[in-house]
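Trainee: Pasting a structure here, questions to come.
The values are calculated or read from the model by the stated rules, or taken from the named source; none is laboratory data. Keep in mind that what you see is a predicted model, and the values were worked out from it rather than measured. Here Cβ is always computed from backbone atoms with ideal geometry, including for glycine, and neighbour counts include all displayed protein chains. To get the accessible areas, we keep the full protein, side chains included, count just its heavy atoms, and leave off ligands, DNA and RNA. Shrake-Rupley method; radii C 1.70, N 1.55, O 1.52, S 1.80 Å.
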Amino acid sequence: MIRPATLADLPALSALEQELFGPDAWNEALIRQEIEGPGRRFVVADDLSGYAVTMTAGDIVDLLRIGVRPDARRTGIASRLLDELLVDTEGASRMLLEV
């Protein structure tokens with residue numbers, strides 16, 4: 001099940017972020033800003049095995065982050081996270097990912 005992230009998820013998300021992104025990981029303050037920030041959507045798998053974050057600006061949704069725990073990869077979690085983010089795009093017509 002996919003749901004919105006809450007501040008109660010912060011310790012687990014911070015640990016997962018560190019595991020997935022190492023020196024490029026967001027710290028707890030940045031994660032908190034993304035959970036609480038206007039124009040942001042931060043969704044998680046119910047078991048916290050994955051998460052995704054978007055920011056909406058006008059008619060564009062930017063995919064800021066997506067991550068899945070290594071032992072949960074290739075199970076469809078990332079697809080379900082993206083599907084959830086696409087359900088309500090606040091009038092946006094496209095999603096972008098910069099790499």
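Trainee: Could you grab the Rg to Rh ratio for the chain? Cα atoms only, Kirkwood for Rh.
Mentor: Rounded to two decimals, Rg over Rh is 0.94.
Trainee: Mind checking the dipole of the chain: about its Cα centre, +1 per Lys or Arg Cβ, -1 per Asp or Glu Cβ, Debye to the nearest 20?
Mentor: The dipole magnitude comes to about 180 debye.
Trainee: PRE reach from Arg74 (point 7 Å along Cα→Cβ): which of segment 1-25 fall under 20 Å by backbone N?
Mentor: The answer is 20.
Trainee: Can I ask one more? Picking from Leu7, Ala72, Gly37, whose Cα lies most toward the positive end of the charge dipole for the chain (charges on Cβ: Lys, Arg +1; Asp, Glu -1)?
Mentor: So the residue we want is Ala72.
Trainee: What is the gain in length, in nm to one decimal, between Ala57 and Met95 on full extension, counting 0.36 nm per residue of separation less the C-alpha to C-alpha distance?
Mentor: 12.6 nm
Trainee: Please work out how much accessible surface Asp24 shows to a 1.4 Å probe, ignoring ligands, DNA and RNA, in Å² rounded to 10.
Mentor: About 110 Å², ignoring ligands and nucleic acids.
Trainee: Heavy atoms only, probe 1.4 Å: what % of the accessible area of segment 16-57 goes to carbon and sulfur, would you let me know?
Mentor: 47
Trainee: Now for a separate question. Mind pulling the angle between the C-alpha long axis of helix 77-87 and the longest principal axis of the chain? Nearest 10 degrees, somewhere in 0 to 90.
Mentor: Tilt relative to the chain: about 30 degrees.
Trainee: What does the accessible area of Ile35 come to, in Å² to the nearest 10, when a probe of 1.4 Å is used?
Mentor: 30
Trainee: Of all beta bridges DSSP finds with both residues in the chain, what is the antiparallel percent, to the nearest 5?
Mentor: If I count the DSSP bridges inside the chain, around 85 percent turn out antiparallel.
Trainee: With labels modelled as points extended 7 Å from the Cα through the Cβ direction, what inter-label distance (nm, one decimal) is found for Phe21 paired with Arg40?
Mentor: Reported label-point gap for Phe21 and Arg40 is 1.1 nm.
Trainee: Working with all protein chains in place, sort Glu19, Glu98 by solvent-accessible area computed with a 1.4 Å probe, largest first.
Mentor: The residues order as Glu98, Glu19, largest area first.
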